[in-house]
Amino acid sequence: MRRYIIPLLLCLCLLAGCDTARAPNEENDQSDTVELMAMDTFMRVTAYGEHREAAELAKDEITALEALLSVTDEGSEIYAANHAGGKSVALSDDTAALLERALALCESTGGALDVTIYPVVRAWGFTTDKFRVPEADELAELLERVDYTRVSLEGNTLTLPAGVELDLGAVAKGYAGDRVAALLREQGVENALLELGGNIHTVGSKPDGSLWRVAVTDPAGDGYAGVVEVADKAVVTSGGYERYFEQHGETYWHIIDPATGYPARTGLQSVTIVAEEGVKCDALSTALFVMGPEKAEKFWRETGGFDFILLTGGGEIVITEGIEDSFSPYGAWIDQSPTVLRR
Ligand code: FAD
Ligand code: MG
């Protein structure tokens with residue numbers, strides 16, 4: 001069973017400014033939008049002003065990144081690396097840059113993010129939709145092949161020991177957001193909204209100078225749990241409610257704890273990360289979901305440089321002080337007063 005996230009995107013879009021950007025300024029009312037299905041999700045890039053060419057370039061960039069990074073596409077660099085049988089492969093600059101950044105984030109999160117999780121993800125059927133609950137013995141065996149420290153990346157040369165396989169699904173959309181935002185800025189775009197699956201990336205403010213209002217999905221309902229106002233930031237959410245299946249009354253989702261091989265059950269419904277760098281937001285939303293609330297708080301205190309919104313299993317909202325004034329609960333969560341973590 002899988003819920004597609006297009007309805008979510010449409011409501012994100014509404015709050016993120018597609019409605020309100022229209023009214024205030026005739027001159028800036030003009031926008032160019034491209035839409036595509038990529039990385040198994042719906043994507044939309046809206047560049048405000050007259051920027052048709054930039055919007056088309058953004059689309060080309062996403063398509064090119066997907067062709068490099070897909071774990072299932074036989075023509076991709078990741079597929080080639082995963083099937084190289086221990087031999088070295090040469091990577092493009094994009095794949096090498098993303099992998100280098102991802103490996104650093106695997107290390108800083110103590111392996112809560114592990115880009116070599118693919119054999120386990122595949123065993124659960126999450127990349128093929130052929131869902132199953134693997135036996136404990138099978139998972140134990142597959143976990144022997146999960147260890148990001150065994151990935152060797154020297155410049156653009158990647159060597160994976162036989163049996164080790166990469167999955168950049170937890171970070172690729174964030175990287176795509178960074179690349180597309182940089183490309184749009186190079187093209188002179190000052191205001192843009194990137195909706196890449198559940199990842200939102202903003203360039204500048206809304207055309208009228210106000211902040212983008214980005215919705216955080218309500219994991220248990222059809223609406224949203226909160227709204228955060230941002231400019232020049234990425235807002236990325238990971239949760240157990242988007243890709244999952246049910247068996248014998250138990251729900252299994254796609255975020256796996258690399259320590260156990262099972263879906264991470266740490267008392268969180270979702271984790272939203274707010275920061276400038278999309279790939280960092282993407283990596284940390286996945287990693288902090290794996291860590292759970294206490295370790296996530298500790299990690300934030302030790303590293304900083306980002307804000308988060310945790311929606312706990314008990315229905316509480318925990319946020320960090322940097323977004324205290326820009327986050328508001330919404331919908332069924334409106335009466336919650338968030339716990340604000342301060343340094
Ligand atoms: P995130 O929380 O950002 O990431 C979760 C995903 O990361 C999981 O699906 C798994 O792949 C991986 N993961 C799980 N646990 C960990 C962990 N602890 N550390 C590191 N990684 C982990 N899906 C399809 O079904 N079919 C496709 O053809 C397909 N093509 C894709 C092509 C590209 C280029 C990309 C980037 C993704 C593609 N996907 C495809 C989707 C992909 O498999 C993931 O499901 C998706 O990226 C999850 O994103 P998310 O934002 O929901 O969750
Ligand atoms: Mg992620």
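Report note on the peptides 296-305, 108-117: ranked by the mean count of other C-beta atoms within 10 Å, highest first, their order is 108-117, 296-305. Near the amide H of LEU341, within less than 5 Å, lie the amide hydrogens of ILE319, THR320, GLU321, all on another chain or at least 5 residues away, with H placed in the peptide plane.
Volume per residue for the range 35-114 equals 134 cubic angstrom (convex hull of Cα atoms).
For LYS298 and GLU35 in one chain, what is 0.36 nm times their gap in residues minus the Cα-Cα distance, to one decimal in nm? If you can, show how the numbers build up before the last one.
Values: separation 263, 0.36 × 263 = 94.68 nm, distance 3.87 nm.
Contour length minus the Cα-Cα distance gives 90.8 nm.
Classify the chain from the C-alpha gyration tensor, please: rounded if a/c falls under 1.5, else prolate or oblate depending on whether a/b exceeds b/c. Since a/c reaches 1.5 but b/c is at least a/b, the shape of the chain is classed as oblate. Scalar couplings 3J(HN,Hα) for the range 182-196, obtained by applying the Karplus form with A = 6.51, B = -1.76, C = 1.60 to θ = phi - 60°, are 5, 4, 4, 4, 4, 7, x, 7, 9, 9, 8, 10, 10, 10, 10 Hz; x denotes Gly and Pro. Between THR159 and ARG342, the modelled label-to-label distance comes to 5.2 nm, taking each label 7 Å out from Cα in the direction of the beta carbon. A Förster radius of 30 Å combined with the Cβ-Cβ distance from ALA332 to GLU246 puts the calculated FRET efficiency at roughly 0.85. The value of relative contact order for the range 96-245, using C-alpha pairs under 8 Å at least six residues apart, is 16 percent.
Find how much the distance from GLU100 to ASP60 grows on full extension, using 0.36 nm per residue of separation minus their present alpha carbon separation; answer in nm with one decimal. Before the final figure, lay out each step's value.
Values: separation 40, 0.36 × 40 = 14.40 nm, distance 2.31 nm.
Stretched fully, the GLU100-ASP60 segment lengthens by 12.1 nm.
Computed from backbone phi, the HN-Hα couplings of the range 263-276 come to x, 5, 10, 10, x, 10, 8, 7, 10, 10, 10, 10, 6, 6 Hz, rounded to whole numbers (Karplus: 6.51 cos²θ - 1.76 cosθ + 1.60, θ = phi - 60°; Gly and Pro given as x). Using the Karplus relation 6.51 cos²θ - 1.76 cosθ + 1.60 with θ = phi - 60°, the per-residue 3J(HN,Hα) values for the range 130-147 come to 9, 6, 7, 9, x, 5, 4, 5, 4, 5, 4, 5, 5, 5, 4, 9, 9, 5 Hz, with x marking Gly and Pro.
Rolling a 1.4 Å probe over the protein heavy atoms of the chain, with every protein chain left in place, gives an accessible area that is 46 percent carbon and sulfur. The Cα atoms of the range 240-343 give a gyration tensor whose axes a ≥ b ≥ c have a/c of 1.5 or more with a/b no greater than b/c, which makes the shape oblate.
Length gained on full extension, GLU74 to THR260, computed as 0.36 nm times the residue gap minus the Cα-Cα distance: 64.1 nm.
Within the chain, count lysine pairs with alpha carbon atoms under 16 angstrom apart where the residues are 8 or more positions apart or belong to different chains.
Value for the chain: 5.
Cut-off 12 Å, label point 7 angstrom out along Cα-to-Cβ of ASP129: give me the residues of the range 49-93 whose amide nitrogen falls inside. Of the residues in the range 49-93, none has backbone N under 12 Å from the label point off ASP129. With all protein chains kept in place, the per residue accessible area of the range 169-247 amounts to 30 square angstrom at a probe of 1.4 angstrom. Applying the criteria of a DSSP loop state and at most 15 other Cβ atoms within 10 Å to the GluC sites (Glu not before Pro) of the range 89-137 yields GLU135.
With a 1.4 Å probe rolled over the protein heavy atoms of all chains, the accessible area of HIS254, HIS201, HIS83, HIS248 falls in the order HIS248, HIS83, HIS254, HIS201, largest first.
Annotation: the range 188-316 has a Kirkwood hydrodynamic radius of 15.4 angstrom, from the mean reciprocal C-alpha pair distance. Just need the relative contact order of the chain here, percent rounded to a whole number, with Cα pairs under 8 Å and 6+ apart. With pairs under 8 Å counted, the relative contact order is 18 percent. Give the residue from THR202, SER31, SER88 lying farthest towards the positive end of the charge dipole for the chain; charges sit on Cβ (+1 for Lys and Arg, -1 for Asp and Glu) and the dipole is referred to the Cα centre. Working it through, the farthest residue towards the positive pole turns out to be SER88. Annotation: peptides 162-170, 85-93, ranked by per-residue average of other Cβ atoms within 10 Å with the highest first, follow the order 162-170, 85-93. State whether the range 283-324 is rounded, prolate or oblate according to the following rule on the C-alpha gyration tensor (a ≥ b ≥ c being the square roots of its eigenvalues): a/c under 1.5 gives rounded; otherwise a/b larger than b/c gives prolate, and the remaining case gives oblate. Here the range 283-324 falls in the oblate category.
The values are calculated or read from the model by the stated rules, or taken from the named source; none is laboratory data. Since the structure is predicted, the reported quantities are computational estimates derived from the model, not experimental observations. Every residue, glycine among them, receives a Cβ derived from its backbone with ideal geometry; neighbour counts consider all protein chains shown. Ligands, DNA and RNA are stripped out before the accessible areas are found, and what is left, the full protein with its side chains, is counted by its heavy atoms. Shrake-Rupley method; radii C 1.70, N 1.55, O 1.52, S 1.80 Å.
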